[in-house]
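First the structure, in the form of structure tokens, and then the observations on it.
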Amino acid sequence: MTTAAIQAFPVDDGQPDRQPAGGRIPGNHGIWVGITCEFVEFLVLFTVYFVARAHNAEAFEAGPGRLSTLAGTAITLLMVTSSFFIACSVTTMRAGQQRQSLYWLIGGLVFALGYPLVKYLEFQWNLGHGIHGDSGIFFTVYYYLTLTHLVHGFWGILGLLWVLANHVNGSYTAESHPGLEALASYWHATDIIWLALFPLFYLLA
Amino acid sequence: MKAKPALPSLSLSTLFGAWLGLLGLTALGLVLARWSAGASGLPLAVAAVVWFKGWLVARHFIESNLAHPFIAWVLRIFIVCVPAALLITTWFGPQLARWTSL
């Protein structure tokens, strides 16, 4: 850890607390407005899911058995691993280890890119097995929610590319890296949403 | 005496532990779905797994314990909503369907 990092970032160094009153804002205010809106959007979509499930219990019990559990599991592993790598990127940046932070971020991007790839293969698999958006209420809701989540995944990947470009340009330091932490917060939030979607569509038979 | 609040971690081991926990819970979910399909307790177990995974990400990756109270509450509320809705739909499905009929 560099001396600059110790001086500039409020780490647990035994000194009196220098944390902002009221708690930290991971990243910046703007990203948390966006994340809150994302959560509200998905709460509406989850309401659609549960109302549809209440009205069509049999369809929702039979549906997961027709989807590819392998694809859902692969996306889950890709999401949690990319989230872990990006969290490591933030932590190593805090410690003044810019190069390690960059490597973690690149790793996070590689795993994140696996998400749309697996989703594409999954949709191809679905079509090959006669699973379309109009194959029944379960599949309509499945495409509705997972495609919306994929769109949010694309925003995250675009953000990752932007943050990566800034990182390579040396825009982030141990003292100041709000863009990196904002992107990490957004990706973790998108990860949390997927972790809720996964069992609802792939496991709860 | 006022307790000193926790500060952001510089350790990767906590993140690694959380990641391992997420992998383990994913495996647990798969095992539950495979061996308990149709069991009455499956939704409760799945709801618990969903909540715990969300908590792990919020607590260790976002560091919600250090975040502004608004952010901490947004995370808490969102993470509990899906498990709660799953249990409500499981236990009160017919009533929910009646309440939401046009």
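More than 7 Å from every other protein chain (Cβ to nearest Cβ) and modelled with pLDDT of 95 or more: does that describe B:Ala18? Write out each step before concluding.
Numbers: more than 7 Å from every other protein chain (Cβ to nearest Cβ): yes; modelled with pLDDT of 95 or more: yes.
The answer is yes for B:Ala18.
Please go through the stretch A:57-67 and give me each residue that is open to solvent by 20 Å² or more (accessible area, probe 1.4 Å) and either of a type in the set (Ser, Thr, Tyr) or more than 9 Å from chain B (Cβ to nearest Cβ) (or both), ordered by number. Lay out the reasoning, then the answer.
Looking only at the stretch A:57-67, we keep the residues that are open to solvent by 20 Å² or more (accessible area, probe 1.4 Å), and these are A:57-59, A:61-62, A:65-66.
Listed by number, the residues that qualify are A:Glu58, A:Ala59, A:Ala62, A:Arg66.
Within the stretch A:30-80, how many residues are β-branched (Val, Ile, Thr) and within 17 Å of B:Leu32 (Cα to Cα)?
Residues of the stretch A:30-80 that are β-branched (Val, Ile, Thr), as a first pass: A:31, A:33, A:35-36, A:40, A:44, A:47-48, A:51, A:69, A:73, A:75-76, A:80.
After this cut, where a residue has to be within 17 Å of B:Leu32 (Cα to Cα) as well, the list is A:69, A:73, A:76.
So the answer is 3.
For a quick check of your reading of the model, give me the residue pairs whose first member lies in the stretch A:187-202 and is more than 7 Å from chain B (Cβ to nearest Cβ), whose second is crowded, with 24+ Cβ neighbours inside 10 Å and aromatic (Phe, Trp, Tyr), with beta-carbon atoms closer than 7 Å and at least 6 apart or on different chains.
A:Ile193/A:Phe42; A:Leu200/A:Tyr49; A:Phe201/A:Tyr142
Just to be sure I understand, how many residues within the stretch A:91-145 are more than 14 Å from chain B (Cβ to nearest Cβ) and basic (Lys, Arg)?
Adding up the residues that qualify gives 2.
The values are calculated or read from the model by the stated rules, or taken from the named source; none is laboratory data. The structure displayed is predicted, hence computed values, not measured ones. Quick reminder, even Gly has a Cβ in these numbers, built from the backbone with ideal geometry, and neighbours come from all protein chains shown. The protein model used for the area step is the full one, side chains on, heavy atoms only, and it has no ligands, DNA or RNA in it. Shrake-Rupley method; radii C 1.70, N 1.55, O 1.52, S 1.80 Å.
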